[in-house]
């Protein structure tokens, strides 16, 4: 299975998590890592599993780097009904009202365009002592191990 990891970042943490996921899984899967700035919704292939990683900025927004991707889906009415995805969010519980809302909004947008979310949204809290990859790697491995069952549930 080919996995396409797409990250939306502000300070580079989402990119770092994407690269750590690639390192952890590349012996089992063909992995491609892309900045959301370089991805068009029409380029998402239905024979790949898509993993989105998004930080949160401002008042619970996605990073500015996601603007063109989001705009393309919103304005063109993209049909993503053949796309399966998982999503991992980066946030800080110190901003409780907007904690991880960037990834929540991106997931809502993808589902609204018909894409199927596989598994629960992974969440990282920067106010803890954990490293984001220590949360993201087991999260994604669990989704991949249980994907057929999860696809039936979601």
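Throughout, read-outs are computed from the coordinates displayed, never taken from laboratory work. Note that the coordinates shown come from a computational prediction; the quantities given were computed from them, not determined experimentally. Don't worry about glycine lacking a Cβ; one is built from the backbone with ideal geometry, like all the others, and counts go over all protein chains shown.
How far apart, in nm, are two points set 7 Å out from the Cα along the Cα-to-Cβ line at residue 2 and at residue 71?
For residue 2 paired with residue 71, the spin-label model returns 2.8 nm.
In deg cm²/dmol, rounded to 500, what helix-only [θ] at 222 nm does the chain give when every DSSP H run of at least 4 residues adds -39500 (n - 2.57) and the total is split over its residues? Each step should come with its number before you reach the end.
On the way: 5 runs with 56 residues, N = 154.
Value at 222 nm, helices only: -11000 deg cm²/dmol.
Relative contact order (percent) for the stretch 2-153, with alpha-carbon contacts under 8 angstrom and 6 or more residues of separation?
Working: 296 pairs, mean separation 34.4, N = 152.
So the answer I get is 23 percent.
If the stretch 1-134 were replaced by its equivalent ellipsoid, with semi-axes equal to the square roots of 5 times the Cα gyration tensor eigenvalues, what would those be, largest first, whole Å? The partial results should precede the final answer.
Working: eigenvalues 93, 70, 30 Å².
That gives 22, 19, 12 Å for the three semi-axes.
In percent, how large is the relative contact order of the stretch 1-91, given Cα pairs closer than 8 Å and 6 or more residues apart? Spell out each step's value before the answer.
Numbers: 154 pairs, mean separation 33.2, N = 91.
Reported as a whole number, the value is 37 percent.
Can you say what percent of the DSSP beta bridges in the chain, counting only those with both residues inside, are antiparallel? Round to 5. Kindly include the intermediate steps, with their values, before the conclusion.
Values: 1 of 27 bridges.
Percentage antiparallel, nearest 5: 5.
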